[in-house]
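Asker: My structure is below; once you've seen it, I'll send some questions.
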Amino acid sequence: MTAEVKVEEKQVESEVVIASAVAPVEETTVKAVVEEEVDGSEAKVVEKSSSFKEESDFFSDLKDSEKKALSDLKTKLEEAIVENTLFKKKKETPVKVVEKKKAEEDKAVVTEEAKAEESPKEEAKTDAVVTEEAKAETIEDVVQKESPKEEEVKTEADVVDTKEAEIAEEEKKTEEAVVTKEATVEQEEEEEIVDNDIELWGVPLLPSKGAEGTDVILLKFLRARDFKVNDAFEMLKKTLKWRKEQKIDSVLGEDFGEDLASAAYMNGLDRESRPVCYNVYQTTFGSEQSRENLLRWRFQLMEKGIQKLDLKPGGVTSLLQIHDLKNCPGLSKTELWVAIKNAIVALQDNYPELVSKNVFINVPLWFYAVSTFLSPFLTQRTKSKFVVTRPANATDTLLKYIPAEEIPVQYGGFKRDDDNEFSNEAVSEVVVKPGSSETIEIPATETEGTLVWDVAVLGWEVNYKEEFVPADEGAYTIIVQKVKKIGSNEGPVRNSFKNSESGKIVLTVDNVSSKKKKRVLYRYRTKTESSC
């Protein structure tokens with residue numbers, strides 16, 4: 001085994017340990033991600049992750065048990081909406097509550113009476129075992145000795161009678177209390193009329209309307225509750241109630257100012273055309289009000305992201321979440337982590353299966369402790385969607401889920417704000433082995449034009465130069481960028497060259513590392529007067 005493979009395997013082990021601390025189910029995913037890098041083959045295109053797959057929303061693709069669960073939930077929901085019981089919880093009537101209480105008390109009374117009857121019998125047995133002198137006593141003497149026992153029995157009977165009176169009084173009080181409580185509940189929970197046109201995320205919930213998105217929504221709640229119909233139904237009801245209490249339908253119109261604009265934002269699409277949401281955790285969320293604003297901003301962002309989805313079978317029905325922990329405060333900011341926990345739980349409980357993956361990048365070592373804190377509040381299904389990676393592998397991990405042209409430049413990709421230089425140009429890749437160099441040639445077939453290119457080396461730490469080599473062998477090579485060493489913190493490079501003759505641009509990447517190979521991503525475009 002070469003030194004290169006040994007180093008890569010050590011890295012694999014490290015990444016798996018990180019992932020298992022947060023999401024044990026994700027071990028195979030992380031292994032697959034890194035093992036493809038250990039392979040050693042020089043891929044010419046950027047491969048997507050084969051593990052990034054969700055369940056089908058087509059009814060025909062469901063298992064028989066899942067089909068039955070979906071049908072049962074639709075029946076249950078139809079009945080609840082039509083009969084206006086969606087938000088009304090079935091309760092025991094006051095009479096039933098009192099009867100249940102009385103039955104328990106009657107059982108206790110019977111037990112007491114049985115004990116009272118048993119007591120004189122035991123004493124009679126004792127009196128039967130007497131000495132010879134006792135046998136000679138008269139019947140009157142025996143009666144006289146028995147009479148105190150009768151008084152004792154009467155005393156115990158009196159106790160039972162008193163107990164029964166107390167129970168009767170308690171029953172009366174209980175009945176009155178139950179009736180009063182029922183009246184109070186009915187007064188607090190005024191009857192709410194459920195509109196047959198009720199919707200969730202723009203999708204009608206009444207199954208008989210036949211909307212194709214209804215099954216998609218209901219399947220999300222079923223999957224979040226392992227296809228347990230009653231649990232999924234209760235989750236749906238709680239979500240609808242939560243949305244009303246939090247006024248979620250109006251959150252889209254709220255203004256949170258510019259401070260939160262960089263804290264969470266939508267940018268680009270992943271390899272499955274899902275919208276990508278970036279969450280940048282910072283130290284500016286100290287006050288309670290700012291944390292509350294952050295929470296509502298996250299809800300607003302989710303609602304905006306959902307508007308970009310196509311909630312129907314075969315459509316794009318979920319988002320990809322990226323969490324950048326680079327500047328995240330440490331464990332001392334307890335109140336912030338509580339706020340983050342509340343946000344994660346609220347999103348998990350009220351936006352089921354609307355996030356395909358939660359990818360954590362630039363993860364510090366202390367995140368292991370935080371993951372232990374968060375873990376009890378998350379379902380196993382939620383934790384199975386976590387992907388965790390250290391700073392050195394951030395871009396590598398993102399590339400598994402997002403194409404380079406859709407990854408922002410600050411994360412090692414080619415996406416720039418308001419960029420008009422590139423549109424649909426393909427991104428290619430070469431791998432530079434340790435201690436070797438590779439050249440990338442960009443043809444300049446036009447005698448006059450402008451060549452534009454983007455280059456990114458994952459991890460950099462290479463020597464890099466750019467030259468224009470004319471097609472005429474007698475012409476001089478023009479140095480566009482002299483040799484320079486690019487460090488690991490460097491972002492992608494963009495450059496251009498206006499040529500007056502045909503030839504080619506030659507990009508040279510020299511890998512100075514003796515152990516680690518380098519992945520080079522690049523794209524280019526030739527601009528002429530007609531294309532500008």
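Asker: When R523 is evaluated against the numbered criteria (1) over 39 Å from the mean Cα position of the chain (by Cα); (2) open to solvent by less than 50 Å² (accessible area, probe 1.4 Å), which criterion, by number, is the only one it fails?
Answerer: So R523 meets the others, but not (1).
Asker: Still on this model: Name the pairs: first residue in the stretch 323-349 and more than 30 Å from L236 (Cα to Cα) and among the hydrophobic types (A, V, I, L, M, F, W, C), second residue surrounded by fewer than 18 Cβ atoms within 10 Å (Cβ to Cβ) and modelled with pLDDT under 80, Cβ to Cβ under 7 Å, at least 6 apart or on different chains?
Answerer: L331/A369
Asker: Pick out the one residue from S502, S488, S513, S496 that is of a type in the set (S, T, Y), under 20 Å from N393 (Cβ atoms), surrounded by 14 or more Cβ atoms within 10 Å (Cβ to Cβ) and touching a residue at least 12 places away in the same chain (Cβ under 8 Å). Reasoning before the result, please.
Answerer: On the way: S502 fails: under 20 Å from N393 (Cβ atoms); S488 fails: surrounded by 14 or more Cβ atoms within 10 Å (Cβ to Cβ); S496 fails: under 20 Å from N393 (Cβ atoms).
The match here is S513.
Asker: What residue, of E441, E405, E466, is surrounded by fewer than 13 Cβ atoms within 10 Å (Cβ to Cβ), modelled with pLDDT of 95 or more and under 13 Å from Y524 (Cβ atoms)? Reasoning before the result, please.
Answerer: Working: E405 fails: surrounded by fewer than 13 Cβ atoms within 10 Å (Cβ to Cβ); E466 fails: surrounded by fewer than 13 Cβ atoms within 10 Å (Cβ to Cβ).
Within the list E441, E405, E466, the selection yields E441.
Asker: Scanning the stretch 332-362 for residues that are touching a helix residue (DSSP H, G or I) at 6+ places or on another chain (Cβ under 7 Å) and part of a strand (DSSP E or B), which turns out farthest from N489 (Cα to Cα)?
Answerer: K357
Asker: If the requirement is being buried (at least 17 other Cβ atoms within 10 Å of the Cβ) and in a loop (DSSP other than H, G, I, E, B), which of these qualifies: F233, F227, F221?
Answerer: Details: F233 fails: in a loop (DSSP other than H, G, I, E, B); F221 fails: in a loop (DSSP other than H, G, I, E, B).
Result of the check over F233, F227, F221: F227.
Asker: Let me ask something else. Looking at E473, is it of a type in the set (D, E) and either open to solvent by less than 70 Å² (accessible area, probe 1.4 Å) or farther than 24 Å from E421 by Cβ (or both)? Don't jump to the end; show me each part of the working.
Answerer: Values: of a type in the set (D, E): yes; either open to solvent by less than 70 Å² (accessible area, probe 1.4 Å) or farther than 24 Å from E421 by Cβ (or both): yes.
Considered against the rule, which asks whether it is of a type in the set (D, E) and either open to solvent by less than 70 Å² (accessible area, probe 1.4 Å) or farther than 24 Å from E421 by Cβ (or both), E473 comes out as yes.
Asker: Let me spell it out: the conditions are (1) more than 12 Å from the chain's Cα centre (by Cα); (2) surrounded by 21 or more Cβ atoms within 10 Å (Cβ to Cβ), and I322 meets all of them except one. Which number is the exception?
Answerer: Among (1) more than 12 Å from the chain's Cα centre (by Cα); (2) surrounded by 21 or more Cβ atoms within 10 Å (Cβ to Cβ), I322 violates only (1).
Asker: Looking at N489, N499, can you tell me which residue is modelled with pLDDT under 95, over 44 Å from the mean Cα position of the chain (by Cα) and not hydroxyl-bearing (S, T, Y)? Talk me through it step by step, then tell me what you get.
Answerer: Numbers: N489 fails: over 44 Å from the mean Cα position of the chain (by Cα).
Residue meeting the stated conditions: N499.
Asker: Only one of (1) in a helix (DSSP H, G or I); (2) in contact with a strand residue (DSSP E or B) (Cβ under 7 Å, 6 or more places away or on another chain); (3) open to solvent by less than 20 Å² (accessible area, probe 1.4 Å) fails for R298. Which number is that?
Answerer: Failing condition for R298: (3).
Asker: Next up: Which residue out of D324, D310 is touching a Phe, Trp or Tyr at 6+ places or on another chain (Cβ under 7 Å) and charged (D, E, K, R)?
Answerer: One residue alone meets the criteria, D324.
Asker: Are there any pairs with C-beta distances below 8 angstrom linking a residue in the stretch 416-430 that is closer than 20 Å to E441 by Cβ to a residue that is open to solvent by 80 Å² or more (accessible area, probe 1.4 Å) and in a loop (DSSP other than H, G, I, E, B), with the two at least 6 apart or on different chains, and if so which?
Answerer: From the stretch 416-430, the pairs are S428/K44; E429/K44; V430/K44.
Asker: Of the conditions (1) under 21 Å from V316 (Cβ atoms); (2) modelled with pLDDT under 90, Y281 clears all except one; give me its number.
Answerer: Of everything listed in (1) under 21 Å from V316 (Cβ atoms); (2) modelled with pLDDT under 90, Y281 misses just condition (1).
Asker: Considering only residues that are in a loop (DSSP other than H, G, I, E, B) and touching a residue at least 40 places away in the same chain (Cβ under 8 Å), look in the stretch 363-402 and name the one that is surrounded by the most Cβ atoms within 10 Å (Cβ to Cβ). I'd like the intermediate steps shown before the answer.
Answerer: Step one: of the stretch 363-402, the residues in a loop (DSSP other than H, G, I, E, B) are 363-366, 378-379, 384-385, 389-390, 402.
From what's left, touching a residue at least 40 places away in the same chain (Cβ under 8 Å): 363, 379, 384-385, 389-390, 402.
Numbers: V363: 25, T379: 14, S384: 14, K385: 20, T389: 23, R390: 18, I402: 28.
Once the filter is applied, the top-ranked residue is I402.
Asker: Further question: Quick test for you: out of D215, D259, D270, pick the one residue that is at pLDDT below 95 and at negative phi. Show your work before the answer.
Answerer: Numbers: D215 fails: at pLDDT below 95; D270 fails: at pLDDT below 95.
D259 is the lone residue from the list that is at pLDDT below 95 and at negative phi.
Asker: Here's something else I'd like to know. Residue by residue through the stretch 232-264, note down the ones that are among the polar types (S, T, N, Q) and closer than 30 Å to D417 by Cα. Outline the logic, then answer.
Answerer: From the stretch 232-264, those among the polar types (S, T, N, Q) are 239, 246, 250, 262; that's our starting set.
The answer is S250, S262.
Asker: Quick check on V483: is it farther than 25 Å from I407 by Cβ, surrounded by fewer than 16 Cβ atoms within 10 Å (Cβ to Cβ) and not aromatic (F, W, Y)?
Answerer: So V483 passes the test.
Asker: Still on this structure, I have one more. Just need a number here: residues in the stretch 343-375 that are of a type outside the set (A, V, I, L, M, F, W, C) and within 12 Å of the chain's Cα centre (by Cα). Quick ask: steps written out before the conclusion?
Answerer: Just the residues of the stretch 343-375 that are of a type outside the set (A, V, I, L, M, F, W, C), to begin with: 348-353, 356-358, 362, 364, 368, 371-372, 375.
So of that shortlist, the ones also within 12 Å of the chain's Cα centre (by Cα) come out as 348-353, 356-358, 375.
Adding up the residues that qualify gives 10.
Asker: Restricting the search to the stretch 411-421, which residues are surrounded by 14 or more Cβ atoms within 10 Å (Cβ to Cβ) and out of contact with any helix residue (DSSP H, G or I) (no Cβ under 7 Å at 6 or more places or on another chain)?
Answerer: First, the residues of the stretch 411-421 that are surrounded by 14 or more Cβ atoms within 10 Å (Cβ to Cβ): 411-416, 421.
Scanning the stretch 411-421 gives a single hit, E421.
The values are calculated or read from the model by the stated rules, or taken from the named source; none is laboratory data. These numbers come from a predicted model, not from an experiment. With ideal geometry, Cβ positions are generated from the backbone for all residues, glycine too; neighbour counts draw on all protein chains shown. Quick note on the areas: whole protein, heavy atoms, side chains included, nothing else; ligands and nucleic acids left out. Shrake-Rupley method; radii C 1.70, N 1.55, O 1.52, S 1.80 Å.
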